Structures are given as C-alpha cells and as structure tokens.
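The structure appears below as structure tokens.
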Amino acid sequence: MARVETKECTWSFEQIYDEYKTAIYNYVYHLVGDREQADDLTQDTFLKAFRALPKMDSNLKLSAWLYRIATNTAYDALRRRKLIAWLPWQDLDHEPADVESADPQEIYGTTELVRAALRRMPQQYRAALILYTQEGFSYSEIAHTLNIAESGVKMYLSRARQSFREHYRSLEQGGAAK
C-alpha cells in the first residue's frame with residue numbers, strides 16, 4: 001500500500017482512492033457526459049492528487065480538495081473539446097415511486113427537459129448546483145472546490161436555480177433543445 005508522507009501525517013493513497021473513486025467518477029461524468037472520458041479524467045484527477053498530496057498538511061479537507069482537482073481537470077478537458085455536454089443528476093434515471101400510474105413517455109420527456117435545461121446553464125452555476133444537490137457539499141466545500149469566496153456560493157446557487165427554471169420553462173413551452 002503506497003503511503004504518502006506529508007509534513008504532519010501519513011495518507012494511504014489506496015484508501016483515499018477506494019473511498020472517493022466512485023463519487024469523483026460520477027461527478028466528472030455529470031460534467032463531461034461521456035463515460036470513457038469521465039474514466040480518463042478520474043484517473044487524471046487521482047494522479048494529480050497523488051503527486052500533490054506530499055505537499056499538503058494534515059488539516060487538508062480531502063473531499064473538497066479532490067473535487068476541486070476533478071472540477072479543474074474536467075473544465076480543462078471541456079475547454080479543449082470546446083463542447084460542453086453536461087448531464088443531470090443520476091437520480092433522474094431512476095423510475096418514480098408510483099411506477100404503475102406513471103406514463104413512461106411523460107417520464108422520459110421530463111428527464112430530457114431537465115437534461116436540456118442543465119446543458120443550457122452557465123457551467124459555473126451548473127457545477128455549483130450539482131455539488132450542492134447531488135454531492136451534498138456545504139457552502140464552504142463548494143467555495144473551495146470552485147475556487148470562489150464562500151459568500152459567493154449562495155449567489156451562485158440562487159442564479160443556478162433561476163437559470164435552471166428559466167431554461168426549463170422555455171423548453172417546456174416549446175423551445176428547441178440544444
């Protein structure tokens with residue numbers, strides 16, 4: 001087991017990887033929308049973390065730090081690709097509680113509207129919304145991950161919700177999905 005020594009503690013990289021790999025992969029997948037690319041970017045994230053970990057001290061907020069590396073890695077890939085194809089929360093792919101009375105066409109249509117609305121949102125607001133609603137991050141963790149002031153997180157989330165509502169309503173009223 002590879003151990004990484006920092007100034008004040010020892011980290012087990014395998015333990016970190018095992019604990020966070022699925023969550024980081026899911027997060028990156030929601031950002032880039034491609035499973036193979038998400039897998040590659042997840043590996044890149046952990047490689048960057050492994051290299052930087054010896055420089056970190058013991059009061060490092062590990063999860064927020066890993067998500068920040070993942071966010072930056074995904075944004076770099078999206079900039080290179082010049083295509084932003086964000087996907088919504090994985091919960092949208094689950095069937096509703098009342099399956100028997102639900103119209104499958106209606107469920108599919110709603111899911112597609114949500115995906116399209118999320119794709120239209122500015123990337124920084126989309127990331128903040130996903131971190132808060134899907135990943136359960138606190139304002140402090142979101143601030144650290146997105147490299148913004150903690151006081152700005154509330155504004156980001158407010159604008160993200162407003163942006164989502166506007167895009168969703170527009171799509172619902174017949175606006176073309178991008």
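Expressed in nm², what is the orientationally averaged projection area of the convex hull enclosing the Cα positions of region 11-89?
In nm², the orientation-averaged hull projection of region 11-89 is 5.1.
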Response to the item:
Quick calc, S140 & E14: beta-carbon distance into FRET formula, R0 25 Å, rounding 0.05, result 0.35
Practice prompt. Leaving out ligands and nucleic acids, note down the accessible area per residue over region 18-73 with a 1.4 angstrom probe, in whole Å².
Written response: 47 Å²
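Mind checking region 19-65 for chymotrypsin sites (Phe, Trp or Tyr not before Pro) that DSSP puts in a loop (not H, G, I, E or B) and that have at most 15 other Cβ atoms within 10 Å? Kindly include the intermediate steps, with their values, before the conclusion.
On the way: sites: Y20, Y25, Y27, Y29, F46, F50, W65; in loops: none.
Nothing satisfies the criteria.
The values are calculated or read from the model by the stated rules, or taken from the named source; none is laboratory data. It should be emphasised that the depicted structure is a prediction, and the values quoted were computed from it without experimental measurement. FYI the Cβ positions are ideal-geometry reconstructions off the backbone, even for glycines, and counts take in every protein chain you see. The accessibility values were calculated without ligands, DNA or RNA, using every heavy atom of the protein model including side chains. Shrake-Rupley method; radii C 1.70, N 1.55, O 1.52, S 1.80 Å.
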